[in-house]
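The values are calculated or read from the model by the stated rules, or taken from the named source; none is laboratory data. Here the structure is a predicted model, which means the values were calculated and not measured. Please note: Cβ atoms are built from the backbone with ideal geometry, for glycine as well, and neighbour counts cover all protein chains shown.
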Amino acid sequence: RAKKIKGAEALWEARASRSLRMTFRIESDTVILRNIGHHNETLERP
């Protein structure tokens, strides 16, 4: 499941597992992974 991050234009978050999250940006036909890790740590610095 993926959703836009509130207050961060063009950034998305997705669940890799119950405790792991990833943040990413979509540019044209490319997905750029920004941060992957445990939920709170990852979303503190998307």
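Within region 20-35, if we keep just the residues that are out of contact with any Ser or Thr (no Cβ under 9 Å at 6 or more places or on another chain) and more than 14 Å from ARG1 (Cβ to Cβ), the residue that is surrounded by the most Cβ atoms within 10 Å (Cβ to Cβ) turns out to be ARG25.
Within region 14-38, the set of residues being of a type outside the set (Val, Ile, Thr) and touching a Phe, Trp or Tyr at 6+ places or on another chain (Cβ under 8 Å) comprises ALA14, PHE24, ARG25, LEU33, ARG34.
I'd like to check something: does region 3-15 contain any residue that is outside any strand (DSSP E or B), surrounded by 13 or more Cβ atoms within 10 Å (Cβ to Cβ) and in contact with a helix residue (DSSP H, G or I) (Cβ under 9 Å, 6 or more places away or on another chain)? Scanning region 3-15, I find at least one residue that is outside any strand (DSSP E or B), surrounded by 13 or more Cβ atoms within 10 Å (Cβ to Cβ) and in contact with a helix residue (DSSP H, G or I) (Cβ under 9 Å, 6 or more places away or on another chain), so the answer is yes.
When restricted to residues that are among the aliphatic types (A, V, I, L, M) and over 11 Å from THR42 (Cβ atoms), region 1-25 contains 4. Cβ-Cβ distances below 8 Å connect the following pairs, each with a first residue in region 22-46 that is modelled with pLDDT under 90 and assigned to a helix (DSSP H, G or I), a second residue that is surrounded by 12 or more Cβ atoms within 10 Å (Cβ to Cβ) and basic (Lys, Arg), and a separation of six or more residues or different chains: HIS39/ARG21; THR42/ARG21; LEU43/ARG21.
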